[in-house]
Structures are given as C-alpha cells and as structure tokens.
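K.L.:
Below you'll find the structure I mean.
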Amino acid sequence: MDLAYSKEDEAFRKTVRTWLKTNVPKKDKTLSDLPPNDPQRIQRAKDWQRRLYEAGYVALGWPKAYGGQGDTDIMRQTIVNEELVLARAPGLIGASGLTMLGPTLLQVGSEEQKRRYLPKVLTAEEIWCQGYSEPGSGSDLASLRTKAELVGDEFIVNGQKVWTSGAQFSDWMFCLVRTDPDAPKHRGISYILIDMKTPGITVRPLVQMTGDAGFNEVFFEDVRVPRENLVGELNQGWLVANATLFHERNMLGSTTRTQLMLQNLIRLARSHSRYGQPAAEDPTIRQQLADLTTRVEAMKYHSFRQLTDATKGRKPGIGAMVNKLVGTELNHDICALALEIMNSYAPLNRRASHVIDNGIWPYEFMFTLGLIIGGGTSQIQKNIISERGLGMPKSR
Ligand SMILES: Cc1cc2nc3c(=O)[nH]c(=O)nc-3n(C[C@H](O)[C@H](O)[C@H](O)COP(=O)(O)OP(=O)(O)OC[C@H]3O[C@@H](n4cnc5c(N)ncnc54)[C@H](O)[C@@H]3O)c2cc1C
C-alpha cells in the first residue's frame, strides 16, 4: 500500500479544488424549500452535472468515442470524487446512469448502444432509473416476475417494479424482465432498456419516512419495447446485471463523506450540553465517539487497500461488498449518536425555531437507514462476504 500522492496528483487536486471553489452551485433557499422532485430543482441538478462534465470531471475513465475523457488514471478519478465531497458539491442526478448502466454498456453493450446512450448519460440529457426490485422480489431478485414476451421485433412488457428511485423524473429505465418463464429462475431473465415515455407505463411516487418521495411504484401494461433495446443475449440478463455487481463505487469519495460526518458529530458533541457539561465530556458519549472514530479509521485504510488494488489493475472483488456493509452502517450509527446527544431536540424538523444543524441529523438518520437496505441489505452483504469471501457454507 502506497499512502503518498505524487506531485502530479497534488497539482491536479489543486486545479480541481480551484475549479470547484468558483463553480459549485450556491445554496438557494427558495429552491431547497421546494420538494426534491420539483422541475426547477431537477433542472438545476442537470445543469450542475453538465457543467461538471464540460469541465472534464465526470466519468473520467470512459472512452473518448462515447463522450468520456479517456483518462484511465484511477488516482485522478479518485481525487475528483474526494474533492467533490470536500467542496460539499451536490450529488449527481445522473448517478444511476453513471455508476450502473454506463459500466454495464461499456462491458456488454453493442457498439450502437454505447454510441446512442453513453454521451447523454454523461451530460445528464437523459436520466436513468434501475428497474430491478418487485413486490416479493428484492433480496431474492432472481424470482422477479415482470414478463416480457418477444412478439416479432418487440417485447411486450407486463408487470410491476417497486422502490424505483427517481423513476418520476427519469427518461429511461434499465430493467430486468422474465423472458423465459419455463427456464430455471436465473436463466430466464433479460436486461432491456425502456423509454419511460412509452404508452402503458404508470409511475406512482412513494413517500418515505423522511417526507420525500425518493422512489416509486412502476406499472407496465402491454408496454412495447424494440428488440434492439436488449443488452447482451436473450435470457442472459442475470449475467449482464452481475457483470458490474462488483464495480468499484466511488470508494474514497464515500470514505471522505463518512469522515466529514464524524467531524460534524464531534463538533456537535463539543457544542451541545448534556447534564450540565458539553456532551463530549460525558464518559459514555466519549466511549462511543472513540468507537466510531476507530471504525472510520479502519474504513479509511480499507479504502486505501482497495485503491491500491485498483491502481495495480486488480479487481475489487469482495472488498466492495465490505465497503457497502461497513460504510452504510457506520453512517447510520454516526447519526444515531448525534440524536442521542441532541436528546429532546432530536425530533425537531428544520422549520422549528430551536432546531440544531438545520435538522440534518434526524433526516440523515432516516435516509441512511434506507441505504443499509438499498442495493442489497446488510444481511445479504454478510451472506455474500461469508460465502464468497471466507468460503463458508451457503446459508439456507
Ligand atoms: C433507499 C432505497 C432505494 C432503492 N432504490 C431502488 C432502485 O432504484 N431500483 C430497484 O430496483 N430497487 C431499489 N431499492 C430496493 C432494494 O434493492 C430492496 O429493498 C432490497 O434489495 C431488499 O429487498 P426487499 O425490500 O424486497 O426486502 P426482502 O428481500 O423482503 O428482505 C426483508 C428482510 O429479510 C432479510 N433477508 C432476506 N433474505 C435473506 C437471506 N437470504 N438471509 C438473511 N436475511 C435475509 C433482509 O436482509 C431484510 O432485512 C431501493 C431500496 C431502498 C431502501
């Protein structure tokens, strides 16, 4: 493991930091009072991704032929991810396209598909959502039932997806459908691309406990999808979806975010009083802070190890699962301690007069719980780590 950045890396970091200083959108109170799915907020988020892309800081590693920078230097990609977090830049609205669809098409898409879809993923001209989960098919995804019948040159899709993040403002969905109901469950699935404007699609937003409608139910009634929208081979969708399962996801960026959360927690513990003294002086709080600090440090070194593997061309493998498991649980535990410190102030929402830190802690506490579940629950990550990483027997 090499923990030092080269002179070139440091110079690049300075350039990125300077650019972000003048270009990260300022907080707009009028906009942040609107619901997250308001068209004005969506447009602002698209404009931000486009500006970042034009500066050359989105998906650096994608080939130039598809609109990317063709810059395969992993250190530079990592530095951009880290600096975005440190600059408190907004997340990218096109994240599903950038982190899931894009790498999948690069690996298994046809030349036409890469040329047609990838450039618009980069510029946020087309936003993608992930149509995998269904009522009754989450952890056991291979049991999915949304049916796509091949009739002539078209698939006719019928069924329902659920928990589809961002479907209400997405232009396209990458979707797993059952194309052979008689085959063993992993072998009768295909991966298709669905235009969300196609007749027969109904999107119903679902409101979460945060109060935001982050995800949706999506219904398909005789939805016609051209055969050319199939990615990979017919009935091989399980392999297509798994091709990028272990894809490295913004490793140091997510560690930096957790480090920032911990710093904010320590600041809160020092400034908020508990039993007549700063919470940070309370032995039970100090013990918990020490525990969280140790876990954040361990996560940081785990991320350095993964980065070293990536720079040496080694696949991330089971390390990415460990990252997901540890990172999401750690973020949630940091928020839980913040609520304990805030005590009776914890439930106040951001409009209340005595609210602390603009109400971000209770919001993040609820939001980070969702991240422990989304993209594979902690229990499922543990199963995979123990079976594929540690060689333990399969769970029943
Ligand atoms: C914030 C958020 C965003 C999401 N976004 C999307 C999206 O954009 N697109 C999409 O397709 N899906 C999305 N999902 C859905 C997500 O992938 C599923 O919720 C997740 O896979 C779990 O499936 P489930 O909800 O059906 O729970 P279930 O699979 O029914 O699990 C219920 C409980 O049983 C446990 N469990 C199940 N099987 C096992 C086992 N074998 N061993 C041990 N424990 C087990 C689980 O860990 C869980 O605690 C999102 C979810 C969340 C929370």
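K.L.:
May I ask you to give the percent of accessible area on the stretch 251-389 that is carbon plus sulfur, with a probe radius of 1.4 Å?
P.N.:
Of the solvent-accessible surface of the stretch 251-389, carbon and sulfur hold 55 percent.
K.L.:
Ok, one more. For the pair SER378 and ASP180, what calculated FRET efficiency results from E = 1/(1 + (r/R0)^6), where r is the Cβ-Cβ distance and R0 = 22 Å, to the nearest 0.05?
P.N.:
The value I calculate is 0.10.
K.L.:
Set the Förster distance to 45 Å, then compute FRET efficiency between ARG286 and ASP47 from the Cβ-Cβ distance, nearest 0.05.
P.N.:
According to the calculation, E is roughly 0.50.
K.L.:
With all protein chains present, how much of the accessible area of the stretch 7-93 (probe radius 1.4 Å) comes from carbon and sulfur, to the nearest whole percent?
P.N.:
Carbon and sulfur: 53 percent of the exposed surface of the stretch 7-93.
K.L.:
Using +1 at the Cβ of each Lys and Arg and -1 at the Cβ of each Asp and Glu in the stretch 128-235, identify which of GLY138, ASN235, GLY166 lies farthest towards the dipole's positive end.
P.N.:
It is GLY138, whose Cα lies furthest towards the positive end.
K.L.:
Would you kindly compute the Cα radius of gyration of the stretch 251-389 and its largest Cα-Cα separation (Dmax), both in Å?
P.N.:
Rg then Dmax for the stretch 251-389, in Å: 16.8, 54.
K.L.:
Then there is this: So if we plug the beta-carbon distance of HIS354 and ARG88 into 1/(1 + (r/R0)^6) with R0 = 30 Å, what FRET efficiency do we get, rounded to 0.05?
P.N.:
Between HIS354 and ARG88 the formula returns 0.75.
K.L.:
Please give, to one decimal in nm, the separation of the simple spin-label points placed at TYR301 and ASN37, each 7 Å out from Cα toward the Cβ.
P.N.:
4.5
K.L.:
Can you give me the P(r) profile for the stretch 280-321? Cα pairs, bins 10 angstrom wide beginning at 0, each as a whole percent.
P.N.:
Bins of 10 Å from zero give 27, 33, 21, 15, 4 percent of pairs.
K.L.:
How much of GLU112 can a 1.4 Å solvent probe reach, expressed as accessible area in Å² and rounded to 10?
P.N.:
GLU112 exposes around 130 Å² with every protein chain in place.
K.L.:
If one takes the longest principal axis of the Cα atoms in the chain, at what angle in degrees, from 0 to 90 and to the nearest 10, does the Cα axis of helix 283-311 lie?
P.N.:
That works out to roughly 40 degrees.
K.L.:
If you count only protein heavy atoms with a 1.4 Å probe, what accessible area per residue comes out for the chain, rounded to a whole Å²?
P.N.:
52
K.L.:
Where does the stretch 7-93 land on Rg(C-alpha)/(2.2 N^0.38 Å)?
P.N.:
That works out to 1.18 for the stretch 7-93.
K.L.:
Could you work out [θ]222 nm for the chain from helices alone, using -39500 (n - 2.57) per DSSP H run of at least four and dividing by all its residues? Round to the nearest 500 deg cm²/dmol.
P.N.:
About -14000 deg cm²/dmol.
K.L.:
Find the all-direction average of the projected area of the Cα convex hull for the chain, expressing the result in square nanometres with one decimal place.
P.N.:
Result: a mean projected hull area of 21.4 nm².
K.L.:
Could you give the angle, 0 to 90 degrees to the nearest 10, between helix 74-86's Cα long axis and the longest principal axis of the Cα atoms of the chain?
P.N.:
Rounded to the nearest ten degrees, it is 60.
K.L.:
What distance in nm separates the simple spin-label points at LYS197 and SER386, each placed 7 Å from Cα in the Cβ direction?
P.N.:
Inter-label distance under the simple model: 4.9 nm.
The values are calculated or read from the model by the stated rules, or taken from the named source; none is laboratory data. None of these values were measured; they are calculated from a predicted model. Glycine also receives a Cβ, built like all others from the backbone with ideal geometry; neighbour counts cover every protein chain displayed. When the accessible area is computed, the model is the full protein with side chains, heavy atoms only, and any ligands, DNA or RNA have been set aside. Shrake-Rupley method; radii C 1.70, N 1.55, O 1.52, S 1.80 Å.
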